[in-house]
1. Please indicate, with yes or no, whether at least one residue in the range 146-156 is in contact with a helix residue (DSSP H, G or I) (Cβ under 8 Å, 6 or more places away or on another chain) and without any contact (Cβ under 8 Å) to a residue 24 or more places away in the chain.
2. Suppose we filter the range 301-324 for residues that are open to solvent by 70 Å² or more (accessible area, probe 1.4 Å), under 13 Å from SER49 (Cα atoms) and modelled with pLDDT of 75 or more; how many remain?
3. Can you name the condition, by its number, that ASN373 falls short on among (1) more than 20 Å from PHE173 (Cβ to Cβ); (2) without any contact (Cβ under 8 Å) to a residue 24 or more places away in the chain?
4. Among the residues of the range 109-158, which ones are among the polar types (S, T, N, Q) and surrounded by fewer than 24 Cβ atoms within 10 Å (Cβ to Cβ)?
5. Tell me the residue from THR309, THR369, THR408 that is within 20 Å of LEU181 (Cβ to Cβ), touching a helix residue (DSSP H, G or I) at 6+ places or on another chain (Cβ under 9 Å) and of a type in the set (S, T, N, Q), please.
6. Name the residue that is farthest from the chain's Cα centre (by Cα), counting only residues in the range 45-72 that are closer than 27 Å to PHE433 by Cβ and of a type in the set (Val, Ile, Thr).
7. Is it the case, given these coordinates, that THR271 is within 21 Å of ALA157 (Cα to Cα) and modelled with pLDDT of 80 or more?
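The values are calculated or read from the model by the stated rules, or taken from the named source; none is laboratory data. What you see is a predicted model; the values in this text were computed from it and never measured. Positions of Cβ are generated from backbone atoms using ideal geometry, with glycine treated the same way; all protein chains shown enter the neighbour counts. The protein model used for the area step is the full one, side chains on, heavy atoms only, and it has no ligands, DNA or RNA in it. Shrake-Rupley method; radii C 1.70, N 1.55, O 1.52, S 1.80 Å.
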Amino acid sequence: MMDKPPEESVNHETRDSGKTSGQPITACLLGAAFFGSLGSSFIYGYNLSVVNAPALYIKAFYNTTWKERYGQPLAVETATLLWSVTVSVFSIGGLLGALSVSTIHRVLGGRGTLLLNNSFALIAALLMTLGERAKSFEMLIIGRLIIGVDSGIALSALPMYLGEITPRHIRGFIGQFNGILICLGVFTGQVVGLPELLGQETRWSYLFAFLAFPAMLQLCVLPFFPESPRYLLMERKDEAAAEKAFQRFLGKKDVSQELEEVHAEARTQQTASIIQLLRNPAVRWQLITIIITMACYQLCGLNAIWYYTSGILRGAGFAENLLPYISLSTGGIETLAAIISGLVIERIGRKPLLIFGFAAMAVFFSLLTVFLNFQDSVSWMPYLSYICILAVIASFCSGPGGIPFILTGELFEQSYRPAAFMIAGTVNWLSNFAVGLLFPIIQDKLQSFTFLVFVVVCVLGSIYLYVVLPETKNKTFMDISQSFAKINKIPAPSPGCEMELICKPNISGKAQDVTKMESAS
């Protein structure tokens, strides 16, 4: 650790962030972020798009299976019901996963939760792959439910793990691995679903077998990376293991400053329950901010975009057999925008990217509404509509597509984090379910004016974030909590009070040694 005046060892607000910003990113940290995301958010993204290509074949499989069992064709109402269940059960599984993640994380930690979660992905892949051969559409539906559970756990456990293993000066960059791999998963699902690959009547079941590949890869590789040092120190009380984990992730031997920061964060030693989180006025506006941001993440209208994409392309005169290939541009734009966001997030900050993303979506949704109303009367209007669709997707992935998960990990200290992710995940999946349930009704009533509803959501979300959200870039978890002190109407803890908490012997026997070392330097 670099030399510094003694008073800086107790002042977290004025500590020079340049001392950490010069640290190189280690291969251990990048590897944990990539393989952690590959078996988690990648699988979630893949499942968002993979059912689109074989939809007709799956419905035909349902009809054939029903006829073989009961001797008569599947009624239209029953077929619609079965397909609706197949699609919506993914969100129900996601909700179940989000509700269970806090308990699993408390027992196994971030890495352990991700490793356990692979079992759900493997079971789901097996059920959905063998469903056609076993002539059981029930296996396909149960598999979708289980992969939903996997996704619900992944979207909470992964951001928690990434936020806890990453130094604050690159926390946004590493956190965006979650969003980037979601987009890459969507794009991969589109590619392997092409007719030349697995999007055929005789191969569609293998689309689900592909799920086992990233899960197995993570299961084989992730155990070689350390558990979250914050979890090891604050939950397991294993300072030696936490020190080794910090050393591997940061690539340096002297991690006393990082250990000191975690000790300072350990003001509340027992993990808080959801009830305690809801009742605590010190985190009230952090919780409101996460609920609103997560609701906007799902209700901003991106899911509705896919409904119009094929129709707009047909209106532009593209042949039906070319639509899957042209639609690949949506997945490519998603991935590219997410990568660019990850590269600039530590320079621009979370707040500007979020506000820009939602505001830009509002602008392009407004333009899309105008273009859709003139689509039948002007021949070149569908091209402008499709450009607007690509712009909406890029705007979403530039900030709103990944940063809400980063914020959930940043706005709460360790003791509240699992409960916060449980609430954020619940809001996320309930909002997802609501969009799937309500969008067809809204679209039927408003037609091309449907997007004006999403304009309102995006504008209100931008205004709220501008007024309430502080910038969290390059701040410790304690600093971020203190930035909410005024709006929460509670006094911010003084540096001296924080140091007192660090030095209490019942927090850690090594804390006093850390303090002495800091004073000596």
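1. Filtering the range 146-156 down to residues in contact with a helix residue (DSSP H, G or I) (Cβ under 8 Å, 6 or more places away or on another chain) leaves 146-156.
Filter again for without any contact (Cβ under 8 Å) to a residue 24 or more places away in the chain, leaving none.
Among the residues of the range 146-156, not one is in contact with a helix residue (DSSP H, G or I) (Cβ under 8 Å, 6 or more places away or on another chain) and without any contact (Cβ under 8 Å) to a residue 24 or more places away in the chain, which makes the answer no.
2. In the first step, residues of the range 301-324 are kept if they are open to solvent by 70 Å² or more (accessible area, probe 1.4 Å); the result is 306-307, 314, 318, 320-322.
Restricting the remaining residues to those that are under 13 Å from SER49 (Cα atoms) gives 306-307.
Within this subset, residues satisfying the condition of being modelled with pLDDT of 75 or more are none.
Total satisfying the criteria: 0.
3. The single condition ASN373 does not satisfy is (2).
4. So the first thing to find is which residues in the range 109-158 are among the polar types (S, T, N, Q), and the list is 113, 117-119, 129, 136, 151, 156.
Within the range 109-158, ASN118, SER119, THR129, SER136 meet the criteria.
5. Details: THR309 fails: within 20 Å of LEU181 (Cβ to Cβ); THR369 fails: within 20 Å of LEU181 (Cβ to Cβ).
From the options THR309, THR369, THR408, the qualifying one is THR408.
6. Taking the range 45-72 and keeping what is closer than 27 Å to PHE433 by Cβ, we get 45-63, 65-66.
Narrowing further to those that are of a type in the set (Val, Ile, Thr): 50-51, 58, 65.
Numbers: VAL50: 18, VAL51: 20, ILE58: 28, THR65: 36 Å.
This residue is THR65.
7. Values: within 21 Å of ALA157 (Cα to Cα): yes; modelled with pLDDT of 80 or more: no.
No; evaluated as a whole, the condition is false for this residue.
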